[in-house]
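The values are calculated or read from the model by the stated rules, or taken from the named source; none is laboratory data. What you see is a predicted model; the values in this text were computed from it and never measured. Neighbour counts run over all protein chains shown; Cβ positions are idealised from the backbone, glycine included.
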Amino acid sequence: MIADRLHKRHESGVILSTSTSDVVYGERDGRPLLATIYGEHRGEHESCVVMCPPYPPMGGSRRDERLVMIARGLNEIGISALCADYGPYSGGQSEIRDIVEAIDYADRRRFGRIALLGYSFGALVACNAADISNDELKCVVLVSLLHSIDSLSAVLDRDINRLFVHGSHDSIAPYRDFERLYESAAGAKQHLTLETDHFYSGRGIMQQLVDAVCDFFSGTLL
C-alpha cells in the first residue's frame, strides 16, 4: 500500500519537504479568495485535490490541522493539494460557489485530474459542489460529513466515486446519521470507520486518516 511505502521512506530517514505557495483563486463581492497550494512545484504533479475547510464561524480555515496533514501526505505521493478558504460566511450557498471557483482555478492551472475533499462543514460544501461542478471532477472524499447545518444539507445524487471517513464516537455528526447518508449516496462508494470523535482525537488516529485518504487518491488519481 502507499501508506506502507510512506512509512518505509520515513524509516529510511528520507523526508520529503513540502513546498507551499499562497494564491488568489478568485473573488467574491470584490474580496480575494485565498488558498494555499501544497506541492505544485514538482513537475510530475498532474493531479490536484481541492480541500474544503470546516465551519468558519468556529474558526475553520485552510490551515485546519487535518487538512494540512492530508495535504502534506498527498504531496509525498505526488499529488498537489489546494486548501481553499471561503469568502465571508453566508450560510453555505456562497461557500459552494467559492469551491466551484477553486475547482475551475485548478482546471485553469492545467491539472490533469482534479478531486475534492471536505471535512465536517467542508464535507457538506464538497458534496454540494461536486453535484454542480464540471464533469472533469474524478472523485470526492467526505470526512465527518454532517447531515445539515444552517441553510446547507448533504446532496449525494451525482454518480461519482466517493470515500467516506467517519468517527464511530462522533457526537457532532452522529454515526447513525452518517449511515443513512452513506446508504443514500449514488455511485461507487466505500467507507472507513475509525474509533474516534469528530476531531480525530487519539493516538495515531490522524495518521490513519491521512493514510486512508492517500491510499484512496493514489488509486483514483495516479
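In table form, for the structure just shown:
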read-out: Restricting the stretch 180-222 to residues that are of a type in the set (Val, Ile, Thr), in contact with a strand residue (DSSP E or B) (Cβ under 8 Å, 6 or more places away or on another chain) and assigned to a helix (DSSP H, G or I), the residue that is farthest from Leu163 (Cα to Cα); value: Ile205
read-out: Residue that is touching a helix residue (DSSP H, G or I) at 6+ places or on another chain (Cβ under 8 Å), under 16 Å from Met69 (Cα atoms) and surrounded by 16 or more Cβ atoms within 10 Å (Cβ to Cβ), where the choices are Leu209, Leu194; value: Leu209
read-out: Residues that are within 24 Å of Asp22 (Cα to Cα) and more than 14 Å from the chain's Cα centre (by Cα), drawn from the stretch 107-135; value: Asp107, Arg108, Arg109, Arg110, Phe111, Gly112, Arg113, Ser133
read-out: First in the stretch 193-209 and farther than 22 Å from Leu181 by Cα, second anywhere and β-branched (Val, Ile, Thr), Cβ under 7 Å, 6 or more apart; value: Gly202/Thr196; Ile205/Thr196
read-out: So Leu142, is it closer than 19 Å to Ala84 by Cβ, surrounded by 16 or more Cβ atoms within 10 Å (Cβ to Cβ) and touching a Phe, Trp or Tyr at 6+ places or on another chain (Cβ under 6 Å); value: yes
read-out: Cβ-Cβ under 7 Å pairs, at least 6 apart or on other chains, the stretch 18-35 side more than 15 Å from Arg62 (Cβ to Cβ), far side at pLDDT below 95 and outside any strand (DSSP E or B); value: Ser19/Gly39; Ser19/His41
read-out: Top-ranked residue of the stretch 141-170 - restricted to ones that are of a type in the set (Val, Ile, Thr) and within 17 Å of Phe216 (Cβ to Cβ), ranked as farthest from the chain's Cα centre (by Cα); value: Ile160
read-out: Test: Phe111 is closer than 24 Å to Gly219 by Cβ and in contact with a His (Cβ under 6 Å, 6 or more places away or on another chain); value: no
read-out: Any chance Ala185 is surrounded by 13 or more Cβ atoms within 10 Å (Cβ to Cβ) and under 19 Å from Pro53 (Cβ atoms); value: no
read-out: Sole exception among (1) in contact with a strand residue (DSSP E or B) (Cβ under 7 Å, 6 or more places away or on another chain); (2) without any contact (Cβ under 8 Å) to a residue 60 or more places away in the chain; (3) assigned to a helix (DSSP H, G or I) for Arg176, by number; value: (1)
read-out: Count - residues of the stretch 48-71 that are crowded, with 18+ Cβ neighbours inside 10 Å and among the basic types (Lys, Arg); value: 2
read-out: Qualifying residue in the stretch 83-106 (condition: more than 19 Å from Gly26 (Cβ to Cβ), surrounded by 24 or more Cβ atoms within 10 Å (Cβ to Cβ) and in contact with a helix residue (DSSP H, G or I) (Cβ under 9 Å, 6 or more places away or on another chain)); value: no
read-out: Matching entry among Arg109, Arg97, Arg72, Arg66 (being basic (Lys, Arg) and modelled with pLDDT under 95); value: Arg109
